[in-house]
Each structure stands twice: as structure tokens, then as C-alpha cells.
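All remarks here apply to the structure that follows.
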Amino acid sequence: MPVCRVKSAAVEEQHNPKTNSIMRSQMVGLDLGNGFELPFRVGLGQRPAYPAGEYDIDPKSFALGNFGDLTLKRYVDLVPLSAKPHAAAPAKG
């Protein structure tokens, strides 16, 4: 199972002079299970930064593109792995 790792709560801010707005984002590493992390940027908007820890991508962050391909929405939501419900153990009988 892929794991998103937030190593720092540092937020990057970029000023857009055309819209006079500030784009806030945070760097996250995606571990696909092979020991190497792929860095990617999570847009925060006005949301607070994610604390350091391990996360999964919230299923609500996925969407279908114009041609039926799977995409991620502009603002990806992360769910702490410790907060995810665990599958119920099969009943013994």
C-alpha cells in the first residue's frame, strides 16, 4: 500500500501578482513500497499544514478526467494512517 510521508510542516508560499493571491503548498513524499519516495506538492489553500507523519490519500481526492482517466483533484486531502478504520477481523466459528 502506498504511504504519503510528511516530513515537515513547512509551508511554501508563492505570490501570484496577476490575481494578487498567495498559493500555499506543502511537500510530501509518496512511498510506493520500493523504498524510494516520489516528492509531490499538496495544495493547501487556506487549510493548515499537515503535521509530520504518515498518511493515505483520502478517496474523495480522486476524480475522473474528461476521457475516463483517474486523476487527483487540485487540493488533495490526506488522512493520517493511525486514524483510518481497520478492517474487521473475520468471525471465527
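A short reminder: the numbers here are calculations on the coordinates, not readings from a lab. Keep in mind that this is a model prediction, so the values were computed, not measured. We place every Cβ from the backbone using ideal geometry, glycine too, and count neighbours over all the protein chains shown.
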Compare 45, 68, 53 in a GNM of the chain, Cα atoms joined below 10 Å, and give the one with the largest fluctuation.
68
Please compute, over every Cα-Cα pair in the chain, the percentage with a separation greater than 17 angstrom.
60
Arrange the following residues from fewest to most other Cβ atoms within 10 Å of their Cβ: 7, 18.
18, 7
When 57, 22 are ranked with the fewest other C-beta atoms within 10 Å first, the list becomes 22, 57
Could you point to the residue in 17, 68, 80 farthest towards the positive end of the chain's charge dipole, with +1 and -1 charges on the Cβ of Lys/Arg and Asp/Glu respectively?
17
